[in-house]
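Below: one structure, written as structure tokens.
The values are calculated or read from the model by the stated rules, or taken from the named source; none is laboratory data. The structure presented is a predicted model; accordingly, all values stated were derived computationally and were not measured. Cβ sites come from the backbone with ideal geometry, for glycine too, and all protein chains shown count toward neighbours.
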DNA sequence: GCGGATCAC
DNA sequence: TATGGTGATCCGC
């Protein structure tokens with residue numbers, strides 16, 4: 001069997017390319033499947049998409065082999081044990097069989113295409129597809145004769161049918177007609193379950209009883225009423241449960257119906273020869289596995305191979321398979337279903353342009369944000385999805401309660417036209433420069449190692465500090481840290497501002513990392529053409545209340561923030577340094593601090609009152625996130641002049657930080673976030689320690705070693721340590737520092 | 001809880 | 001030239 005397949009592969013290679021398009025589908029009878037297969041193969045061959053499909057198929061084959069081996073290892077004793085499990089489970093499932101309800105599944109015929117034909121009757125009888133050259137949503141029956149079908153890219157469809165007419169999708173129109181159909185459904189089951197714009201499940205038990213007519217008669221009537229209301233045809237299936245009703249509605253498509261009586265024998269007969277692929281939930285992969293490993297083709301065989309299924313699949317999956325074999329599924333009252341996620345994704349041509357990618361992310365984030373606002377929803381988990389040019393997909397998920405790395409989701413506060421100042425992006429330059437700089441930097445690290453000679457003298461400058469001066473030693477160490485950072489800055493003008501680093505990341509990811517998740521060895525990751533953002537799961541919120549209030553009132557067991565604050569904390573908050581405290585205190589140190597804001601962005605500069613020269617600055621922005629506002633710190637940098645000063649580096653950093661934090665507090669932020677960039681291990685650890693001393697806590701290490709980190713790096717502009725701090729806690733912690741100076 | 005995979009429309 | 005967008009679920013760590 002295998003051999004004959006592989007020899008035929010050599011002569012007719014298209015036979016080995018398994019697309020979903022050749023799968024039996026209504027209106028596809030009489031199609032020259034061989035030709036379709038060949039055309040699809042010829043059009044796909046050599047493309048990135050094709051290569052990815054081959055990878056996926058190889059993976060599935062491997063999975064099948066693995067499972068075969070496991071099945072072969074099962075002993076007679078194992079099998080008899082699992083057979084007992086099956087017998088017991090089948091009895092239980094059988095006992096749960098529900099034959100008293102009548103379900104109806106309605107499925108509009110070629111819905112989008114039919115609606116388009118209503119608005120343009122000239123399309124009637126012509127092969128037509130709704131969609132674009134890249135993707136087809138629906139094809140009318142004329143087009144299906146050529147093998148054109150949903151989910152097929154348009155350019156392949158055109159090859160199959162040269163006269164094919166393309167009509168762009170128009171969801172407004174489809175929604176309108178969908179609403180019309182639903183008004184009809186309403187009359188038969190006010191609680192009908194809409195499965196999509198063009199499909200619904202109705203529990204018609206009551207209507208049948210009340211009117212004393214059969215399910216088939218209801219189906220006829222409903223279909224003709226739908227036609228009267230919309231001019232569209234639909235097909236229906238009537239059966240004792242939803243799973244079967246769905247299968248039935250497909251049997252006499254289009255414009256037909258099929259009734260499966262509420263009778264156990266009828267159901268079992270129906271199911272016995274039914275190909276498993278007809279069952280909702282069994283797709284291409286599952287079908288291949290079940291056939292490849294166990295030789296299962298029909299639902300009946302699910303029961304025959306029950307012991308194997310129980311042995312090799314999880315209980316829930318095995319349960320599903322067994323109920324399919326029994327023709328069970330979906331009879332429960334439709335419970336209130338609520339949305340569990342909301343997402344936005346876009347496909348674009350491959351690029352490595354970091355600015356462009358960032359813009360895409362921002363756009364998508366905006367769309368998502370808008371959708372969520374429209375729906376009045378809040379998220380708890382954020383997922384970033386990336387699809388590379390080779391169609392590999394990777395997700396990064398993050399709980400927003402723990403971590404706020406979604407810089408891309410900042411929502412401009414009032415003026416959305418505010419742009420980042422151009423200064424921030426003046427380094428669209430060469431990664432070579434950056435890389436070599438790093439190498440040089442690393443190689444020179446050793447001479448920069450600080451230790452205390454004889455536990456007394458600084459190895460770098462000879463300063464003398466006994467070990468008992470813990471704080472002073474730390475500050476001295478920070479001094480050298482800043483010195484080092486400063487030197488680097490002098491090599492390349494701007495170091496600390498992010499965004500410009502994207503190029504490095506893209507480069508590192510694309511050429512540096514070889515990723516081997518699971519058994520497949522992927523080649524290098526190329527550019528990143530697709531990105532998706534989604535948020536899940538959701539907690540809905542009633543209208544009009546600001547997000548902050550929502551989060552508090554919705555999180556179970558979590559009292560509003562203020563209430564959880566301890567008494568001591570409350571007292572401390574009342575004494576936290578005000579902005580004027582901080583400014584006064586800084587002037588006492590001959591420091592001139594300034595805070596500038598442009599829209600959501602801010603910059604804090606520290607100048608020497610004596611020399612009027614800049615000593616350091618911090619930049620960042622206030623971004624709105626679902627749980628409230630967040631103070632996002634891009635950088636805290638200290639200037640060269642700072643190094644020659646007597647006063648502690650830590651002190652100046654603290655002053656600048658304090659203004660930023662106080663500003664964030666005044667803006668209503670509860671959290672501050674930053675990335676301690678890791679360009680070299682030595683200074684990174686010091687940087688982290690510096691921020692730790694200020695009061696930040698590590699939330700995540702972005703190492704760049706996993707595919708997933710790619711997303712982090714895109715968002716944060718580098719590898720390093722993501723750190724967060726509670727703004728109130730910081731201010732409380734610092735209060736003595738500033739109050740006492742007053 | 002996270003990330004990958006599958007499925008449906 | 002070119003293979004989508006949205007939402008759900010399950011499995012394995």
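Results, tabulated for the structure shown:
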read-out: Enumeration of residues in the stretch A:153-183 that are within 16 Å of DNA strand B (Cβ to nearest atom), part of a helix (DSSP H, G or I) and in contact with a helix residue (DSSP H, G or I) (Cβ under 7 Å, 6 or more places away or on another chain); value: A:173, A:174, A:177, A:181
read-out: Leading residue by the ranking (farthest from residue A:323 (Cα to Cα)) among those in the stretch A:229-253 that are surrounded by fewer than 18 Cβ atoms within 10 Å (Cβ to Cβ) and touching a strand residue (DSSP E or B) at 6+ places or on another chain (Cβ under 6 Å); value: A:252
read-out: Selection within the stretch A:123-149 - assigned to a loop (DSSP other than H, G, I, E, B) and within 7 Å of DNA strand C (Cβ to nearest atom); value: A:133, A:134, A:135
read-out: Of the criteria (1) without any contact (Cβ under 8 Å) to a residue 40 or more places away in the chain; (2) in a loop (DSSP other than H, G, I, E, B), which one residue A:101 fails; value: (1)
read-out: Flag for residue A:89 being more than 16 Å from DNA strand C (Cβ to nearest atom) and either closer than 30 Å to residue A:313 by Cα or modelled with pLDDT of 95 or more (or both); value: no
read-out: Filter pass, residue A:307 being away from DNA strand B (no atom under 16 Å from the Cβ), under 30 Å from the mean Cα position of the chain (by Cα) and more than 30 Å from residue A:202 (Cβ to Cβ); value: no
read-out: Filter result (more than 8 Å from DNA strand B (Cβ to nearest atom), in contact with a helix residue (DSSP H, G or I) (Cβ under 7 Å, 6 or more places away or on another chain) and assigned to a helix (DSSP H, G or I)) within the stretch A:268-294; value: A:271, A:272, A:276, A:278, A:290, A:292, A:293, A:294
read-out: Condition check for residue A:297: in contact with a strand residue (DSSP E or B) (Cβ under 9 Å, 6 or more places away or on another chain), more than 23 Å from residue A:106 (Cα to Cα) and away from DNA strand C (no atom under 16 Å from the Cβ); value: yes
read-out: Flag for residue A:258 being outside the structural domain of residue A:194 (by TED's automatic domain parsing), within 30 Å of residue A:206 (Cα to Cα), crowded, with 16+ Cβ neighbours inside 10 Å and away from DNA strand C (no atom under 16 Å from the Cβ); value: no
read-out: Set A:57, A:5, A:34, A:51: member being within 13 Å of DNA strand C (Cβ to nearest atom), at pLDDT below 95 and in a helix (DSSP H, G or I); value: A:51
read-out: Residue in the stretch A:339-359 that is part of a helix (DSSP H, G or I) and within 12 Å of DNA strand C (Cβ to nearest atom) present; value: no
